[in-house]
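For reference, the structure is listed below as structure tokens.
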Amino acid sequence: MLTVGMPAPDFALADQNGETRTLKDFAGKKLILYFYPKDNTAGCSKQAAGYAQLIEQFGEKGACVVGISKDSVASHQRFIQKLDLPFTLLSDPERTAIEAYGVWKEKKMCGKVSMGVVRSSFIIDENGILRGIYENVKSTDNPAKMLLELDTLA
């Protein structure tokens, strides 16, 4: 189980261009790492658009935004083009990072139980240390809340 203050789990995942990205690629900057269920769904689109609207403010605070889902590289490319997203999306079809960050969980919807990605966000500092863990976040509120959380960690 992850806790604040421990090193963030490393990952090696393909981005929307098919290039492998690791946690070390973001060293020296704060990182908002958010996990979401699926490209091009209503909630995930609202969340991604919210991050896109605030991307300059994240940059002013020395933070990068990266989204992770099980979707393919091609799906991420279409999602980025459709919403004009100015940040990296990582493809995790094998669920390596999804499981390392503990966001693959049992979900209940309309009385049906299934396994899936629980919408979650993590703040990782410049040295790769977890500074914030936020589970079951709301898609519409999450980007603004993460921006505010960066202020409390400064």
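Simple point charges give the picture: +1 on the Cβ of Lys and Arg, -1 on the Cβ of Asp and Glu, and for region 12-153 a dipole about the Cα centre of about 520 debye. Each Lys or Arg adds one and each Asp or Glu subtracts one; over the other residues with Cβ under 11 Å from the Cβ of Ser75, this totals +2. Beta bridges per DSSP, both residues in region 1-127: antiparallel share near 60 percent. Out of Thr22, Thr41, Thr96, any idea which swings most in a Gaussian network model of the chain, alpha carbons joined below 10 Å? Among Thr22, Thr41, Thr96, the largest mean-square fluctuation in the Gaussian network model of the chain belongs to Thr41.
Compute the separation of the alpha-carbon centres of region 111-154 and region 65-105 and state it in Å as a whole number. A separation of 15 Å, based on Cα centres.
A dipole drawn for the chain from +1 and -1 charges on Cβ atoms has a positive end, and of Ala74, Cys44, Ile124 the residue lying farthest that way is Cys44. Between Lys105 and Lys29, the modelled labels are 2.9 nm apart [label points 7 Å from Cα along Cα→Cβ]. Normalised by the number of residues in the chain, the mean separation of alpha-carbon contacts (under 8 Å, six or more apart) gives a relative contact order of 32 percent. Only aspartates and glutamates eight or more places from Lys138 in sequence, or on another chain, were considered; those with a Cα closer than 18 Å are Asp39, Glu106, Glu149.
Pairs spanning more than 30 Å between alpha-carbon atoms, out of Lys29/Lys107; Lys61/Lys112; Lys70/Lys145; Lys29/Lys112: Lys29/Lys107; Lys61/Lys112; Lys29/Lys112.
We did not get these values from a lab; they are worked out from the coordinates using the rules stated. All values reported here derive from a predicted model rather than from experimental measurement. Cβ: placed from backbone, ideal geometry, glycine included. Neighbour counts: every protein chain shown.
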